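Worksheet: one structure, shown below.
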Amino acid sequence: MLRTVLVLLLSTALLSVAVAHDGPDPLFRWRFDREAVQLTEQGGSVKARLGPDATLIGKGKLLDDDEGGSLFLSGGECGAIVADDFRTLETPLPTRDLTASVWCSIDKPTRWGGLLGSIQDNGDDEKGWLLGYNNQAFTFALVGQDGPGKLTYLEGKTKYELGKTYHVVGVYDGTTMRLYVNGKLDAESTSQSGEIDYPKSAPFVIGAYRDDNEFHGHRGRIREAVLYNVAAKTKWAAHAFSHHAALAARTAKPIYDPLDFVIDPYLQFGTKTSMTVMWRTNRPANGVVQFGETSDCDQTLHGENETELHEFVLRDLKPQTQYFYRVVSRLDDKTTPLTSKTHTFSTAVKEKTPFAFAVISDTQGNPKVSGRLAQHAWGQRPNFLLHPGDLVSTGGNDLHWTEHFFPSMNPLIANVPFYPVLGNHEQNARNYFDYVSLPTPEYRYTFSFGNTQFFMIDSNRNIDPGSEQYTWLESELAKSKAVWKFVCHHHPPYSSDENDYGDLWKTNQSTRGDLRARQLVPLYERFDVDFVWNGHIHSYERTWPIRDNSAAESDAPIYMITGGGGGSLETAGPSRPFFQNTVRHGHHYAMVRINGTHLEIQVYDLENRLFDSVSIKKPSR
């Protein structure tokens, strides 16, 4: 009888503790210490305490401390991949009630930070959930089947400090999302309801924001990640934090690599009296541009703030003058500054001076090819580069900018400015608008060089008659007094491509170009546009002059597709349309030379061999 009473008392006491803490049992648990983590040159593995093991990709480093240690992830394409597709897991992810708990530190802010979850966020396709962070606070993203049909990004009120350890918990119970930071409720939302709306497929990842077209690895420590299939209460969040509260109380600094360039210096939006110089460092630093008319670079422009992405506008320059420049980044007076090579640039020429520019488009995802083309183009010393879009394969993937586009194009764009438009592969991503410096709103703008005016628009956005871009373009063309008028947008109004606008190997029906872009053709004809530069189709094509949807002998716009900058090549259809003058399968770049009313275009292949040329002498208007 006494034994029964004791057992009953003990059970009651344990139940009381469980109720007080509302502690759920884990579904999965990972501890990132020396016992569980095995590192290799390519990544490594994490043995789970409970649930499936994870595969490490990217650079990692084990850090020891008196609380068991942690794994430092270096950012970029890194993280612990539990499953390439969450639906292959033997134990399914929570369908309704969920608690995700992570001990971590953040060493680098990012707009799309991921700590634990499975998500797809591709345009209107928003599914799954993710515990993560943005540039200033922790976040918990989730979409419920009975909710508004898109992710709610619940943002906390706590502004995290770089390097400091935090305990972050996301909770969902079918009606309410809650975010806890260091044991306290930090944000709450009832915008979602119902079971979690998962994507058809998505990776399940620790220490990264990853979906079909974006991969943002975490830079900072990951100590522990735990997933529960019940919704924890506030008391549990406070109790779970209390186990390691001493970690959060410690003063810590972020772990930095030695100061270095992530993106070497490059040029943007040059005019007759100004030039924009940009570069990116791997940590916030003070920036300086040294420049001048000799390699001594006797003039200096200092930045006002520490930053990773540096942007300086050099003003009051002389027209059509060669300048030298180099950039310097410094952490403080005690450390050795980071100094670039000395490069040159030239300001825009006066109206009657001859000039030349290069055209390269669709450089996406092939830095070996785009790098060779950039080197060839630089060898011909253009004044600038025109880029009709698809600079990268995935605009939201920062590595496609830092490891593909900028390194491959550097021989050219370190010495001449480039003027781009958005392609569909840029995805209208923040990276594009961060890395280019163009007149507001940046997706459309105009600039003049010599006797020529360029009109740059985004054909991914609305370009229907009456739209904002159409109206702007009509107004700007009407005002232009330039000798030559060039328009640049990504999608071609006319194209001989075999299958983008109708499969010409299965049917003879094709629109022979982008019908949305073709709505702009009447403007080009009305305002005497000379050339329209496009990409999108990965081949080369030059049309005859076209007016009223017929080939003209002269005095009508010519359309040129220069999409052979690196993307997988495409082929023309089997029959020749009326507008086709020249079409070619192969990687290439174009050089355009203008002297008054005389224009020459020459186009070169990957071996720098000339394969097309045209010369036009227009009557003075």
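From the list Asp260, Asp212, pick out the single residue that is in contact (Cβ under 8 Å) with a residue 60 or more places away in the chain, among the charged types (D, E, K, R), under 30 Å from Val288 (Cβ atoms) and open to solvent by 60 Å² or more (accessible area, probe 1.4 Å).
From the options Asp260, Asp212, the qualifying one is Asp260.
Being open to solvent by less than 70 Å² (accessible area, probe 1.4 Å) and modelled with pLDDT under 95 narrows it down to one of Thr307, Thr276, Thr321, so name that one.
Thr307
For segment 411-433, name all the residues that are modelled with pLDDT of 95 or more and more than 22 Å from His491 (Cα to Cα).
Leu412, Ile413, Ala414, Asn415, Val416, Pro417
Working only within segment 59-74, note down all residues that are in contact (Cβ under 8 Å) with a residue 40 or more places away in the chain, small (Gly, Ala, Ser) and buried (at least 21 other Cβ atoms within 10 Å of the Cβ).
Ser70
Of the residues Lys485, Lys481, which is modelled with pLDDT of 95 or more, charged (D, E, K, R), assigned to a loop (DSSP other than H, G, I, E, B) and within 24 Å of Val592 (Cα to Cα)?
Answer to the selection: Lys481.
Looking only at residues in segment 527-583 that are of a type in the set (A, V, I, L, M) and closer than 10 Å to Ser495 by Cβ, which one is most open to solvent (accessible area, probe 1.4 Å)?
Among residues in segment 527-583 that are of a type in the set (A, V, I, L, M) and closer than 10 Å to Ser495 by Cβ, the one most open to solvent (accessible area, probe 1.4 Å) is Val583.
Going by what's in this entry, would Arg512 be described as among the basic types (Lys, Arg), assigned to a loop (DSSP other than H, G, I, E, B) and on the phi > 0 side of the Ramachandran plot?
yes
If you go through segment 215-230, how many residues are open to solvent by less than 30 Å² (accessible area, probe 1.4 Å) and either farther than 16 Å from Phe140 by Cβ or part of a loop (DSSP other than H, G, I, E, B) (or both)?
Of the residues in that region, 7 qualify.
Checking Val592 against (1) in a strand (DSSP E or B); (2) aliphatic (A, V, I, L, M); (3) surrounded by fewer than 20 Cβ atoms within 10 Å (Cβ to Cβ): exactly one of these is not met. Which one?
Exception for Val592: condition (3).
Among the residues of segment 231-255 satisfying the criterion of being in a loop (DSSP other than H, G, I, E, B) and over 17 Å from Tyr160 (Cβ atoms), which is least open to solvent (accessible area, probe 1.4 Å)?
Residue satisfying both the conditions and the ranking: Ala232.
Within segment 91-136, count every residue that is crowded, with 24+ Cβ neighbours inside 10 Å and touching a helix residue (DSSP H, G or I) at 6+ places or on another chain (Cβ under 6 Å).
Here the count works out to 1.
Take the residues of segment 259-295 that are under 24 Å from the mean Cα position of the chain (by Cα), not in a strand (DSSP E or B) and not aliphatic (A, V, I, L, M): which is farthest from Leu63 (Cα to Cα)?
The selected residue is Gly270.
If only one of Thr88, Thr95 is farther than 11 Å from Ile206 by Cα, polar (S, T, N, Q) and in contact (Cβ under 8 Å) with a residue 40 or more places away in the chain, which one is it?
Thr95 is the lone residue from the list that is farther than 11 Å from Ile206 by Cα, polar (S, T, N, Q) and in contact (Cβ under 8 Å) with a residue 40 or more places away in the chain.
Please verify whether Lys157 is assigned to a strand (DSSP E or B) and open to solvent by 10 Å² or more (accessible area, probe 1.4 Å), treating the condition exactly as stated.
So Lys157 passes the test.
Hey, among the residues in segment 138-154 that are aliphatic (A, V, I, L, M) and assigned to a strand (DSSP E or B), which one's surrounded by the most Cβ atoms within 10 Å (Cβ to Cβ)?
For segment 138-154, the residue satisfying everything is Leu142.
Give just the number: which of (1) closer than 25 Å to Gln320 by Cα; (2) touching a residue at least 60 places away in the same chain (Cβ under 8 Å) does Tyr435 not satisfy?
(1)
The values are calculated or read from the model by the stated rules, or taken from the named source; none is laboratory data. Note that the structure is a prediction, hence the values are computed from the model and not measured. Glycine also receives a Cβ, built like all others from the backbone with ideal geometry; neighbour counts cover every protein chain displayed. Ligands, DNA and RNA are stripped out before the accessible areas are found, and what is left, the full protein with its side chains, is counted by its heavy atoms. Shrake-Rupley method; radii C 1.70, N 1.55, O 1.52, S 1.80 Å.
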